[in-house]
Amino acid sequence: MSIYIDKVIGLSHRYTLKGDTPVILLIVICVLISLGYLNKYNGNEKLVKIDCYIIFSYLCCMSDDAEILLEILHDILGDEKLHYESKGQISFDCPICDEDQHKGNLEVNYFEHVYKCWSCGDENNTKGPLGKLIDNFGDKKQKKIYNLLQPENHKPKEKRKDYLKLPTGFTLFKDSSLVYPVRRQAYNYLKQRGITDEIIEKYGIGFCDTGAFSGRIIIPSYDSKNKLNYFIARSWDPNSRAKYKNPEASKDEIIFFENTINWNEDIHLCEGAFDAIFLPNSIAMLGKHMSDLLLNTLYEKANSNIIICLDSDAWADAVKLFHNLNGGRLYNKVKIIKLTGDADVADLRGNISDYYYKMK
Ligand SMILES: [Zn+2]
């Protein structure tokens, strides 16, 4: 019983439940328990159920959605700077860029369920639907409550996804004749870039001799369920106008090489797939910036070190990424590589041990 009392008291502190509400909640729960309603659940399930009752009763006790939402926003972002109730507009200090300057740049419209930081919204992607703000800065319980009061038309729409397929003409090297000229061109290109047979085998690298991706090396990427989630198509013709040709899939919604990642071991972060294949346990960010998905996944799942290995021209991005990652449960586990000159990880064939940089 004491655990339920603790829970109700905890919640009434968190959400500043007023007047008799905590008492009523407790009575409701006592009645439910005495009626034996919870007997069919075991220990953990029981707690989850109780949680739901508390949240539900809490929602019933509060007068309207806006009030609840404001409570959550205050919990996450602290005191407001400006508040126009008639417009549903309220501003706070931005949790990313404010740095105790109290500028109140982060504006939330709780009628429209959107937010934006006027200072770093574009740069740090601190803008978008309110659910994202709560995902990024709130906790699970706050998100649960928000989902309940989020209006239907502001819920993220389920996108119907045609699942990605390997391009027409895709052939694995082992499935093609050694003397087939197209295979030889493709294979020579990989050899000249230092890519070994082991790497080709490990990542299922192939080539296309027909179709829209003809004349390109294909590096496929699979998700945690071993379903293709992306592929890189690199032309081996030095005169090709487009070195890379991307599939019609959003690279922000996938983790490249996800099915090969061991989250308990050191993870390398590279820009491109041609870098990532040279390093053990590595993820290609497919650019110099990290997607929210990858950032959140690393925070959640990475249990060992994370080593940032961007190209030398992306040192500023690498440092920014370092600071972005080096917090919470990843604190002190983020390492960074500082490459010199034009050589990237692929040029170095993954020999990066001399380039560790000590961040101050
Ligand atoms: Zn900001």
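What follows draws every value from the coordinates through simple rules; no lab data is involved. Everything numeric in this text was worked out from a predicted model, so none of it was measured.
Side notes on the structure shown:
- Between the stretch 217-249 and the stretch 299-360, the C-alpha centres lie 24 angstrom from each other.
- Greater than 20 Å apart at Cα, pairs in LYS81/LYS143; LYS202/LYS225; LYS245/LYS301: LYS81/LYS143; LYS245/LYS301
- Among the listed pairs LYS335/LYS360; LYS49/LYS132; LYS40/LYS140, those beyond 22 Å (Cα-Cα): LYS49/LYS132; LYS40/LYS140
- Calculated from backbone phi, Karplus (6.51, -1.76, 1.60) coupling profile of the stretch 124-129 in Hz, x at Gly/Pro: 9, 6, 8, 6, x, x
- Length added when fully stretched, ASN124-GLU253, from 0.36 nm per residue minus Cα-Cα: 44.7 nm
- Less than 5 angstrom separates the built amide H of LYS335 from those of ILE306, ILE307, ILE308, all sequence-distant by 5 or more or on a different chain.
- Table column - 3J(HN,Hα) (Hz), the stretch 174-183, Karplus curve with 6.51, -1.76, 1.60, x for Gly and Pro: 6, 8, 10, 5, 4, 9, 5, x, 5, 4
- Tensor-based shape of the stretch 233-360 (alpha-carbon gyration tensor, a/c under 1.5 rounded, otherwise prolate or oblate): oblate
- Derived scalar couplings ³J(HN,Hα) [the stretch 324-336; Karplus, 6.51 cos²θ - 1.76 cosθ + 1.60; whole Hz; x for Gly, Pro]: 5, 7, 7, x, x, 6, 9, 4, 6, 10, 9, 10, 9
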